Amino acid sequence: MKKVIVVGASGVLGKLVCTELLRIFDSKIDLVVTDYKIDRGQRFAESLNREVTFEYLDVTNEENIERVINNVDIVVVVLKQEDPYIQRICIDHRILCIDVTPFANFIGKVKLLRQDAEKNEVGSIVMSGFFPGLSGVMVHKAVSDFQQIDEVNIALLQNTNAKAGLSGILDMLKIISQRVADHSRRLPGFTIKRKICFDDPSNKREVRLIDHAEKGILNQKLNVGTINYWTSWNQAFFNKQIALLKSLGVINLILNLNNHKILSKIVKHNPKKDEKAYLTVEVKGIIDTKKSVRTLSLSTFSDYHTTAMVTAALAKIAVHKKIKGVVCPFEITNVEEILAEIDCKDIVMREFS
């Protein structure tokens, strides 16, 4: 039985990751949940109704981290670190590490550990999840038949009813607030618009251009020229509200606040309503000397829950492969393998031209 530790297990995403690890591994793992709040962590461990253990963990205390993750097989990180202490200790102890953080600054720090990871013959997976993560895997599949790639567009249609948790909401606000590099210009994020197909060629929805850390990595690894990332929510009025708040500087004000409880009161999740989300990858280029457009579109019952499923599936896939170095999901697996491990009828991928 593999021993798996989830760092940040008591958050919204952490709880889903724990549930999916137990499901996808068919409970054939020793699961350890961690928290810096002892009572909260112990209550969550007990709520899983299985032989799950709890460990106190402070991500700023290297000595504590080293003691907790000693003699484990997989560490899944579902919270933010300023510096990749956990990754470095995992590499030193030859422990597979999987992290969901989507931001370029932190990923850059992890990539500096690449040579150590390769030397110790251990893998450290970054940008696990739905967007980024599965998005990059879908791009890898979509570009595979092209002899020439002119443009790749990746678009996420979010749901205003998503059970993302405060951390997930803040992450997305931070992403849309960043400026977008466009050749020699840097454009404001979430302002440029276009329409893209979701789930069906006839279902075109307006999305807005954003910056994304996955873009640079795909550019480097797949040698794809123009890559654009887009997003919007499923309600047009909500998109206009977000764009207005951003232009007025309110989004940056929210991100700079130390107390984010105000935001949690504004954004509500109704469990009685659906939280469907869609992810589309559109590739334009040349296939067999002909101009072609290939589109992969995936629908899911929940983008946040899908992030947990992908992360748990990656843990199972990666533990059986000899992964070395700092890698992204698209470098170690493919769409078919991930969806097979997830095994969820409510996640469907379609392809059309």
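The values are calculated or read from the model by the stated rules, or taken from the named source; none is laboratory data. Please read all numbers here as calculations on a predicted model, not as lab measurements. Note that each Cβ is placed from the backbone with ideal geometry, even for glycine, and that neighbours are counted across all protein chains shown. Only protein heavy atoms, including side chains, enter the accessible area calculation; ligands, DNA and RNA are left aside. Shrake-Rupley method; radii C 1.70, N 1.55, O 1.52, S 1.80 Å.
List every residue pair whose Cβ atoms lie under 8 Å apart, where the two residues are 6 or more positions apart in sequence or sit on different chains, the first residue falls within segment 234-256 and is open to solvent by 50 Å² or more (accessible area, probe 1.4 Å), and the second residue, located anywhere, is assigned to a loop (DSSP other than H, G, I, E, B) and among the charged types (D, E, K, R).
ASN234/LYS276
Among the residues of segment 283-319 satisfying the criterion of being assigned to a strand (DSSP E or B) and among the aliphatic types (A, V, I, L, M), which is farthest from LEU339 (Cα to Cα)? Even if it seems obvious, please write down each step before you answer.
The initial filter retains those residues of segment 283-319 that are assigned to a strand (DSSP E or B), namely 283-287, 290-300, 302.
Cutting the leftovers down to among the aliphatic types (A, V, I, L, M) gives us 283, 286-287, 293, 296, 298.
On the way: VAL283: 21, ILE286: 28, ILE287: 26, VAL293: 24, LEU296: 14, LEU298: 11 Å.
Filtering first and then ranking leaves ILE286.
Would you confirm, using the coordinates I've provided, whether VAL17 is at pLDDT 95 or above, in contact with a Ser or Thr (Cβ under 9 Å, 6 or more places away or on another chain) and surrounded by 15 or more Cβ atoms within 10 Å (Cβ to Cβ)?
Values: at pLDDT 95 or above: yes; in contact with a Ser or Thr (Cβ under 9 Å, 6 or more places away or on another chain): yes; surrounded by 15 or more Cβ atoms within 10 Å (Cβ to Cβ): yes.
For VAL17, the condition - at pLDDT 95 or above, in contact with a Ser or Thr (Cβ under 9 Å, 6 or more places away or on another chain) and surrounded by 15 or more Cβ atoms within 10 Å (Cβ to Cβ) - is met.
Please count how many residues of segment 128-154 are part of a loop (DSSP other than H, G, I, E, B), in contact with a strand residue (DSSP E or B) (Cβ under 8 Å, 6 or more places away or on another chain) and open to solvent by less than 10 Å² (accessible area, probe 1.4 Å).
Within segment 128-154, the subset part of a loop (DSSP other than H, G, I, E, B) is 128-129, 143-147.
Retained after the next criterion (residues that are in contact with a strand residue (DSSP E or B) (Cβ under 8 Å, 6 or more places away or on another chain)): 128, 143, 145-147.
Checking the rest, the ones that are also open to solvent by less than 10 Å² (accessible area, probe 1.4 Å) come to 128.
The number of residues fulfilling the criteria is 1.
When segment 94-110 is examined, which residues are found to be open to solvent by less than 70 Å² (accessible area, probe 1.4 Å), over 20 Å from VAL17 (Cβ atoms) and not basic (Lys, Arg)? Full working, then the answer.
Within segment 94-110, the first condition is being open to solvent by less than 70 Å² (accessible area, probe 1.4 Å), and the residues that meet it are 95-104, 106-110.
From what's left, over 20 Å from VAL17 (Cβ atoms): 104, 108-109.
Across segment 94-110, the qualifying residues are ALA104, GLY108.
Report, by residue number, each residue of segment 214-226 that is open to solvent by less than 30 Å² (accessible area, probe 1.4 Å) and either modelled with pLDDT of 95 or more or part of a helix (DSSP H, G or I) (or both).
Kept after step one, since they are open to solvent by less than 30 Å² (accessible area, probe 1.4 Å), are these residues of segment 214-226: 214, 217-218, 224.
Result: GLU214, ILE217, LEU218.
Restrict the check to segment 176-188 and report whether at least one residue is among the aliphatic types (A, V, I, L, M), modelled with pLDDT of 90 or more, under 19 Å from the mean Cα position of the chain (by Cα) and under 14 Å from TRP233 (Cα atoms).
Looking through segment 176-188, at least one residue is among the aliphatic types (A, V, I, L, M), modelled with pLDDT of 90 or more, under 19 Å from the mean Cα position of the chain (by Cα) and under 14 Å from TRP233 (Cα atoms).
Which residues, counting only those in segment 288-327, are surrounded by fewer than 17 Cβ atoms within 10 Å (Cβ to Cβ), more than 30 Å from ASN120 (Cα to Cα) and of a type outside the set (Ser, Thr, Tyr)?
Residues satisfying the conditions are ASP288, LYS290, LYS291, VAL293, PHE301.
Tell me the residue from LEU209, LEU255 that is within 21 Å of PHE103 (Cα to Cα) and part of a strand (DSSP E or B), please.
Every option except LEU209 fails the conditions.
Can you pull out the residues in segment 290-316 that are in contact (Cβ under 8 Å) with a residue 24 or more places away in the chain and over 17 Å from ILE347 (Cα atoms)? Write out each step before concluding.
Residues of segment 290-316 that are in contact (Cβ under 8 Å) with a residue 24 or more places away in the chain, as a first pass: 292-316.
Scanning segment 290-316 gives SER292, VAL293, ARG294, ALA315, LYS316.
Just the residues that are polar (S, T, N, Q) and within 22 Å of GLU118 (Cβ to Cβ), please, taken from segment 71-98. Before the answer, list the steps.
Taking segment 71-98 first, the residues polar (S, T, N, Q) are 71, 81, 87.
Answer for segment 71-98, where residues must be polar (S, T, N, Q) and within 22 Å of GLU118 (Cβ to Cβ): GLN81, GLN87.
Examine segment 267-285 for a residue that is of a type in the set (S, T, N, Q) and at pLDDT below 95, and state whether such a residue exists.
The first filter runs over segment 267-285 and keeps only residues of a type in the set (S, T, N, Q), leaving 270, 280.
Next cut, at pLDDT below 95 only: 270.
Yes, segment 267-285 contains a residue that is of a type in the set (S, T, N, Q) and at pLDDT below 95.
Check segment 44-61 and report whether any residue there is within 23 Å of LYS322 (Cα to Cα) and open to solvent by 20 Å² or more (accessible area, probe 1.4 Å). Please lay out each step first, then the result.
Initial filter on segment 44-61 (within 23 Å of LYS322 (Cα to Cα)): none.
Scanning segment 44-61 turns up no residue that is within 23 Å of LYS322 (Cα to Cα) and open to solvent by 20 Å² or more (accessible area, probe 1.4 Å).
Within segment 332-353, how many residues turn out to be in contact (Cβ under 8 Å) with a residue 12 or more places away in the chain, in a helix (DSSP H, G or I) and either touching a strand residue (DSSP E or B) at 6+ places or on another chain (Cβ under 9 Å) or closer than 20 Å to THR19 by Cβ (or both)?
Final tally of qualifying residues: 4.
Condition check ((1) under 21 Å from LYS291 (Cβ atoms); (2) touching a Leu at 6+ places or on another chain (Cβ under 7 Å); (3) buried (at least 18 other Cβ atoms within 10 Å of the Cβ)) across all residues:
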residue: LEU112; (1), (2), (3): no, no, no
residue: VAL122; (1), (2), (3): no, yes, yes
residue: VAL126; (1), (2), (3): no, no, yes
residue: GLY168; (1), (2), (3): no, yes, yes
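Of the residues ILE89, ILE154, which single one is touching a residue at least 12 places away in the same chain (Cβ under 8 Å) and more than 30 Å from ILE286 (Cβ to Cβ)? Spell out how you get there, then give the answer.
Details: ILE154 fails: more than 30 Å from ILE286 (Cβ to Cβ).
Unique residue meeting the criteria: ILE89.
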